[in-house]
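The values are calculated or read from the model by the stated rules, or taken from the named source; none is laboratory data. Keep in mind the model is a prediction, meaning the values are calculated, not measured. Virtual Cβ from ideal backbone geometry, glycine too; neighbours counted across all protein chains shown. What goes into the accessible areas is simple: the full protein's heavy atoms, side chains included, and nothing from ligands, DNA or RNA. Shrake-Rupley method; radii C 1.70, N 1.55, O 1.52, S 1.80 Å.
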Amino acid sequence: MDFIGFLIICVKVLVVFTATMLTVLMMVYAERRVSAFMQGRLGPNRVGPQGLLQPIADGIKFLMKEDIIPEGVNKPIYLLAPAMLLIPALMTFAVIPFGTTITLLGREVPLQVADLNVGILYILALTSIGVYGLVLAGWASNSKYSLIGGLRSSAQLISYELAMGLSVVSVILLAGSLKLNVIVEDQQGYLLSWNVFKQPVAFLIFLVAVYAETNRLPFDLTEAEQELVGGYHTEYSSMKFAMFFTAEYANMVTAAALTVTLFFGGWDVPLLNETSMGALGAILSVLSFILKTAFFLFLFIWVRWTFPRFRYDQLMKLGWKVMLPLALINIFVTGGYLTLTSLR
Amino acid sequence: MATIVKSYEPTFWDKLYLPALAKGLAVTLKHFFRKKVTIQYPDEKYVPPDGYRGLHRLNKYPDGKIRCVACEMCSAACPADCIHIIPGPTPWEDGKERYPVRFDIDLLRCIFCGFCEMACPEEAIELTEIYDFSNYTRDDLLIDKEGLLGVYELTKDTNYYSRPNAGQESEALTSDKF
């Protein structure tokens, strides 16, 4: 790779990383503000205009707090766990295409950090690695609440990762590729060309699985405050706790972006052909991607303040007895349809 | 006799759960756009309704004479024993014979039950709507006759919290209300 190509990649990595972190900050603020609004309160509105600087104040608070390492923890693993959770969470965004290809300095620059051939597998693999962080944090803390939290997250992972993967398979079948770029391009064109209209069942399964994957209500059994104090991060304080927090929100950002990419046409603006519109098309496509992602991020909060938590056995039942068979049937139907149409 | 309650048999539509989920989301979204109930206290102040039992005041006649005749009915009625009156002969030519030389209320002991205003035959002592009169020392929470008459001046015309320039001078007033 030549120098300019390397530079462009560096800039893209920086932009995507900053954007993700900023979105995480905004989400921390939005979470509190939206929850307050839904409960008839105002929420934080004192720091900066409309309280927009609140996450910065929160961040400073986290940095200033005493960093406690409790007695009896398994120190290396205890220190490693937050990083094990945060790094995969931030890495996932690398393969998500957030806009069309633009021409910069006489070369084609796709608005995506890395166009992997196995994009979806990469994402599924990384989100699974993230759960190791939770489990290890729970185990290394030497606390029963943390341990139960970690245990629950591993059980939750097994029951939902399958359904999630299988629901994605039907999307892959339609696009014929694991490349996220190809999947997005496959959804271009006419009005109802997004996968959500072609694969509504897969979309619903994926959406539910994503909530379990990111440990959000109604599936936040791993940190269920009322039962487990804080779940896997009970024994963590200061910046290490903040890392768990950041990782959780970064996971949400990635999950929202992935939902948009797989089912809502990614950067596709309905009824427009962005790729032929040059710079304007690129801007429009990025805007459309941001808007769609923002909606799904709002949905995360919206759902959190609407639905109560599932019980442990209900979660298992839903995962194994409902979503897994549904996903399998969906693959079967999609595969059958594709076979029949190709035979014709 | 036992009544047989037939349990609701969920239909297929119910078992999908999706309509119920959508309904729940609609409820929270409706609340999202509703008017917020928060009163941002030091900036905005809650205006208590008439009959609120807050800080006491001593009423005056329109000509400026104190209504109180130092009968000590209020201090007798007081369950917290917080009203202390020293009576004396009235300084004015006409009207009542008795007059409170001292009229002290220990706000730290007062339970704001309103018995004093019910016991008063002259409608001289009254509880006002003022609720934010916390202070830094115990001494500042012993209110004397001048203080009580001052509270009367503050509250005789309008509700203390809905007066025109409410909020701007309130901090200053808190400290030298008495």
Simple label model, 7 Å out from Cα along Cβ direction - B:Glu123 to A:Ser342, nm:
9.4 nm
Mind telling me which of B:Arg138, B:Arg53, B:Arg67 comes out most flexible in a GNM of chain B, alpha-carbon contacts under 10 Å?
B:Arg138
Any residue on another chain or 5+ positions along whose placed amide H is under 5 Å from the amide H of B:Ile125 is listed here as B:Asn59
Please give me the summed charge of the neighbours of B:Cys116: other residues whose Cβ is under 14 Å from its Cβ, Lys and Arg +1, Asp and Glu -1.
-4
Please identify, among B:Phe115, B:Phe32, B:Phe133, the residue showing maximal mean-square fluctuation in a Gaussian network model of chain B using a 10 angstrom Cα cutoff.
B:Phe32
Which of A:Gln199, A:Gly335, A:Met323 sits farthest toward the positive end of the charge dipole of the protein assembly as shown, with +1 on the Cβ of Lys and Arg and -1 on the Cβ of Asp and Glu?
A:Gly335
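With a ≥ b ≥ c the root eigenvalues of the C-alpha gyration tensor of chain B, is it rounded (a/c under 1.5), prolate (a/b larger than b/c) or oblate? Provide the component values of the computation, followed by the final result.
Values: a/c = 3.63, a/b = 2.34, b/c = 1.55.
Prolate is the answer for chain B, as a/c is 1.5 or above and a/b outweighs b/c.
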Quick one: 3J(HN,Hα) in Hz for the stretch B:145-151, Karplus 6.51/-1.76/1.60 with θ = phi - 60°, rounded, Gly and Pro as x.
4, 4, x, 5, 5, x, 5
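Can you give the percent of C-alpha pairs in the stretch A:46-89 whose distance is more than 11 Å?
75 percent
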To the nearest Å, what is the center-to-center distance of the stretch A:226-279 and the stretch A:64-81, using C-alpha atoms only?
26 Å
Restricting to lysines and to Cα separations under 21 Å from A:Lys61, and discarding same-chain partners fewer than 8 apart, the set is A:Lys240
Per residue, what accessible area does chain B have, given a 1.4 Å probe and all protein chains present, in Å²?
66 Å²
With no solvent term and unit scatterers on the alpha-carbon positions of the stretch B:14-80, Debye gives log₁₀ I(q)/I(0) at q = 0.17 Å⁻¹ of -0.91
Most fluctuating residue given options A:Thr214, A:Thr18, A:Thr222, as computed from a GNM of chain A linking Cα atoms under 10 Å
A:Thr18
Checking the a/c ratio against 1.5 first, then a/b against b/c, what shape does the Cα gyration tensor give for the stretch B:41-88?
oblate
Computed over the Cα atoms of the stretch B:5-49, the Rg and Dmax in Å are 19.7, 55
Cα shape, the stretch A:41-175, gyration tensor, a/c 1.5 rule:
oblate
Specify, per residue and in Å³, the volume enclosed by the convex hull of the alpha carbon atoms belonging to the stretch A:256-344.
125 Å³
If each K or R counts +1 and each D or E counts -1, the residues other than A:Glu248 whose Cβ falls under 10 Å of its Cβ total -1
Principal axes of chain A: Cα extent on each, largest first, Å
65, 49, 47
For the pair B:Gln40 and A:Ser177, what calculated FRET efficiency results from E = 1/(1 + (r/R0)^6), where r is the Cβ-Cβ distance and R0 = 56 Å, to the nearest 0.05?
0.55
Tell me, what ³J(HN,Hα) does each residue in the stretch B:78-83 have, in order and in whole Hz, if you take phi through Karplus 6.51 cos²θ - 1.76 cosθ + 1.60 with θ = phi - 60° and put x for Gly and Pro?
5, x, 9, 6, 10, 9
Computed [θ] at 222 nm, deg cm²/dmol, chain A (DSSP H ≥ 4; -39,500 (n - 2.57); rounded to nearest 500)
-22000 deg cm²/dmol
Count the lysine pairs in the stretch B:11-60 whose Cα atoms lie under 23 Å apart, taking only pairs 8 or more positions apart in sequence or on different chains.
5
Can you give the Rg/Rh ratio of the stretch B:59-119, where Rg is from the C-alpha atoms and Rh is the Kirkwood radius?
1.00
List the residues of the stretch B:17-42 for which accessible area in the full set of protein chains is at least 30 Å² lower than for the chain on its own; 1.4 Å probe, protein heavy atoms only.
B:Leu18, B:Leu21, B:Leu25, B:Thr28, B:Leu29, B:His31, B:Phe32, B:Lys36, B:Thr38, B:Gln40
I'd like the FRET efficiency for A:Glu225 and B:Asp94, computed as 1/(1 + (r/R0)^6) with the beta carbon distance as r and R0 of 60 Å, rounded to 0.05.
0.25
Sequence-distant or interchain residues sharing an amide H contact under 5 Å with A:Thr101, placed H: which?
A:Leu111
